[in-house]
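Worksheet: one structure, shown below.
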Amino acid sequence: MRVFVTGATGFIGSAVVRELVEGGHEVIGLARSDTAAASLAKAGATPHRGAVEDLDSLRRGAAGADGAIHTAFFHEFSHASAATRLRVMLGGSPRGIVNRFMAAALAADRNAITAIGEALTGPDPALVAAFGTMALTPGRLATEDDQADPEAAGGPRGATERAVSDLAARGVRASVLRLPPVVHGDGDHAGFMPRMIGAARKNKVSGYAGDGRNRWPAVHRLDAAHLFVQALEKGDAGARYHAVAEQGIPVADIAAAIGQGLDVPVASATPEQVAKRYGFLAPFLGADNPASSTLTQNRLGWEPTRRALLDDLQHGDYFTR
């Protein structure tokens, strides 16, 4: 299968590219820079220069492809185009910058999915788009059959699932792969764990919100990459899959492991401290987000085999970076 991958040099996307290449697929990877293009070529993929906001480049990358895996999403202000950054900065009150940036990121995500899906060719065009379990109703075990909850911490990303559903209705074998808030493993430099570790190192205390009993699901990035490929190869149109290896780890336990790794105390953070210390992570720190992957494992035969999060924190390289 000829597969177009966005976010192809990112933490998850690079693992997806490796999984595809090792599985015998021909991979075209979106590259924003010469450095990214060289990395993709070294990994055995064909670089395609472009950006997630450049819809024409996405269409060209997907043209002639049998399928696509979309993992790109700009979380950082620097990831957006210059035009988008300018609109966000000058589009209204400074207090609204965060909301304007998120709206721009969501629109780019939705538009990218649509552009890629419409450009795919072949008798069975397939697309798998990344999503987040944080968009599901908090406080109860989420399953693949649950719809996105607009009131959840990640609820605004529900537009992603609607874009995928629209493609499925038009004959694309499009599906959503929901990722937990913690996708861990070597090479993780910007996810939830590095952010929590960085805050603990800077503030000399490893924190959690409230009593820390809220739960986060987790998965190793190599298990997640394998599921992306399984969903591409045999997923159903309109399906939602969960890349969840651990249903819900208390955040206080995660904070304790970080405290042990850094040799700093562990303590609850006040709402003011959470907002000050954790940046974009602040709204999620106290979210209770347990999620199941039972249906995914039954439907696709996926079985996570890599080490668990707390074991990874103990034996990985998180505290030596």
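Below, the figures for the structure above:
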| read-out | value |
| --- | --- |
| Selection from the stretch 271-285 of residues that are open to solvent by 60 Å² or more (accessible area, probe 1.4 Å) and either aromatic (Phe, Trp, Tyr) or farther than 13 Å from residue 205 by Cα (or both) | 271, 272, 275, 276, 280, 283 |
| Qualifying residue in the stretch 182-190 (condition: open to solvent by 10 Å² or more (accessible area, probe 1.4 Å) and either of a type in the set (Val, Ile, Thr) or over 26 Å from residue 222 (Cβ atoms) (or both)) | yes |
| Residue in the stretch 91-113 that is modelled with the lowest pLDDT, counting only those that are within 13 Å of residue 166 (Cβ to Cβ) and crowded, with 17+ Cβ neighbours inside 10 Å | 110 |
| 2 or more residues within 15 Å of residue 313 (Cβ to Cβ) and touching a His at 6+ places or on another chain (Cβ under 7 Å): qualifying strands (runs of 3 or more DSSP E) within the stretch 149-225 | 215-220 |
| Qualifying residue in the stretch 80-95 (condition: closer than 24 Å to residue 132 by Cα, of a type in the set (Val, Ile, Thr), within 18 Å of the chain's Cα centre (by Cα) and assigned to a helix (DSSP H, G or I)) | no |
| Among (1) open to solvent by 10 Å² or more (accessible area, probe 1.4 Å); (2) over 19 Å from the mean Cα position of the chain (by Cα); (3) of a type in the set (S, T, N, Q), the one test that residue 206 misses | (1) |
| Complete set of residues in the stretch 267-321 that are more than 19 Å from the chain's Cα centre (by Cα), of a type in the set (S, T, N, Q) and part of a loop (DSSP other than H, G, I, E, B) | 270, 305, 320 |
| Any hit, the stretch 129-140, residues being in contact with an Asp or Glu (Cβ under 7 Å, 6 or more places away or on another chain), assigned to a strand (DSSP E or B) and crowded, with 24+ Cβ neighbours inside 10 Å | yes |
| Test: residue in the stretch 82-95 that is under 20 Å from residue 121 (Cβ atoms) and either without any contact (Cβ under 8 Å) to a residue 24 or more places away in the chain or not basic (Lys, Arg) (or both) | no |
| Subset of the stretch 105-132 [under 30 Å from residue 87 (Cβ atoms) and either in contact with a Phe, Trp or Tyr (Cβ under 6 Å, 6 or more places away or on another chain) or not hydrophobic (A, V, I, L, M, F, W, C) (or both)] | 105, 109, 110, 111, 114, 117, 118, 128, 132 |
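The values are calculated or read from the model by the stated rules, or taken from the named source; none is laboratory data. Owing to the predicted nature of the structure, the values given are computational and were not obtained by experimental measurement. Every residue, glycine among them, receives a Cβ derived from its backbone with ideal geometry; neighbour counts consider all protein chains shown. When the accessible area is computed, the model is the full protein with side chains, heavy atoms only, and any ligands, DNA or RNA have been set aside. Shrake-Rupley method; radii C 1.70, N 1.55, O 1.52, S 1.80 Å.
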